[in-house]
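First comes the structure, then the notes that go with it.
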Ligand code: FES
């Protein structure tokens, strides 16, 4: 499990092991646009302000992955306990 911190509202949203980040956000009323939900299209990409994503998509370039400035919340998770996202 990990947490998402929404930078604009300072809200902290827990993401349970069986849940995607998109689902966890939806559960608290925050809608992220998605299309493929499999890490292929890039529709859901969110800027990451702090923390280390566990990239599980096939969309980001190796450089984007290494930079850790964005992640795909439809399928990716976090290696750090918290990710701060620009929401
Ligand atoms: Fe397609 Fe997330 S919805 S990559």
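The translational diffusion coefficient of the chain, from Stokes-Einstein at 37 °C and 0.692 mPa s with a Kirkwood hydrodynamic radius over alpha carbon pairs, comes to 263 µm²/s. Protection proxy ranking, highest mean first, for peptides 65-73, 2-10, 17-25: 65-73, 17-25, 2-10, where packing is the per-residue count of other beta-carbon atoms within 10 Å, averaged. Length gained on full extension, residue 38 to residue 67, computed as 0.36 nm times the residue gap minus the Cα-Cα distance: 8.3 nm. The mean sequence distance of close C-alpha pairs (under 8 Å, at least 6 residues apart), as a share of the length of the range 9-87, puts its relative contact order at 33 percent.
Coordinate-derived values only; no laboratory data. Because the structure is a prediction, the values reported are computed rather than measured. Please note: Cβ atoms are built from the backbone with ideal geometry, for glycine as well, and neighbour counts cover all protein chains shown.
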